[in-house]
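A.B. asks: Please read through the structure below; I'll follow up with questions.
The values are calculated or read from the model by the stated rules, or taken from the named source; none is laboratory data. Predicted, not measured: the structure shown is a model, and the values here were computed from it. With ideal geometry, Cβ positions are generated from the backbone for all residues, glycine too; neighbour counts draw on all protein chains shown. Quick note on the areas: whole protein, heavy atoms, side chains included, nothing else; ligands and nucleic acids left out. Shrake-Rupley method; radii C 1.70, N 1.55, O 1.52, S 1.80 Å.
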Amino acid sequence: MSDQVNEQELVEYIASRSKASPEHIRLVLGHEADFINNAHKGAKDEVDIDSDELVDYVLSRHDLKLDELTVESILDLEMDYLMEKGLAGYLD
């Protein structure tokens, strides 16, 4: 996650719009960061992250007991937050 992102604010944003607990949100975001960091290892340019692969990766973590819809919701809300802050966007 970028240094420009206030993690507490992000977690509160997601928690207020989903049924997920702050602990689950932090866990999902942590696994997401691991996935992205691993995708960037050895890459010379930007890496295209497939959202389905990301969700599958997060769901495969043994310490996470959430359903697919909740994980997708957390990740979508994270993107909404980042877009509202002008820190992210979608590529065509």
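A.B. asks: In nm, what is the difference between 0.36 nm times the number of residues separating Met79 and Ser51 and their Cα-Cα distance?
C.D. replies: Difference between extended and current length: 8.9 nm.
A.B. asks: Excluding the sites themselves, what is the longest stretch of the chain that contains no trypsin sites (Lys or Arg not before Pro) in a DSSP loop with at most 12 other C-beta atoms within 10 Å?
C.D. replies: That would be 66-92.
A.B. asks: Over the chain, calculate the relative contact order: mean separation of alpha carbon pairs under 8 Å at least 6 apart, over the residue count, as a percent.
C.D. replies: After rounding, I find 31 percent.
A.B. asks: Let me ask something additional. Pick out, from Asn38, Ile14, Leu54, the residue whose Cα sits farthest towards the positive end of the charge dipole of the range 13-56, with +1 on the Cβ of Lys and Arg and -1 on the Cβ of Asp and Glu.
C.D. replies: After comparing all options, I get Ile14.
A.B. asks: Let me ask another. Counting Lys and Arg as +1 and Asp and Glu as -1, what is the net charge of the other residues whose Cβ lies under 14 Å from the Cβ of Glu12?
C.D. replies: Overall, the nearby charge balance is -3.
A.B. asks: Could you give the size of the charge dipole of the chain about its Cα centre, using +1 on the Cβ of each K and R and -1 on the Cβ of each D and E, expressed in debye and rounded to the nearest 20?
C.D. replies: Using only the charged Cβ atoms, the result is roughly 320 debye.
A.B. asks: Could you state the accessible area per residue of the chain in Å², with a 1.4 Å probe and every protein chain left in place?
C.D. replies: On a per-residue basis, 69 Å².
A.B. asks: Quick one: with all protein chains in place, what share of the accessible area of the chain is carbon or sulfur, to the nearest percent (1.4 Å probe)?
C.D. replies: Answer for the chain is 46 percent, counting heavy atoms of protein chains only.
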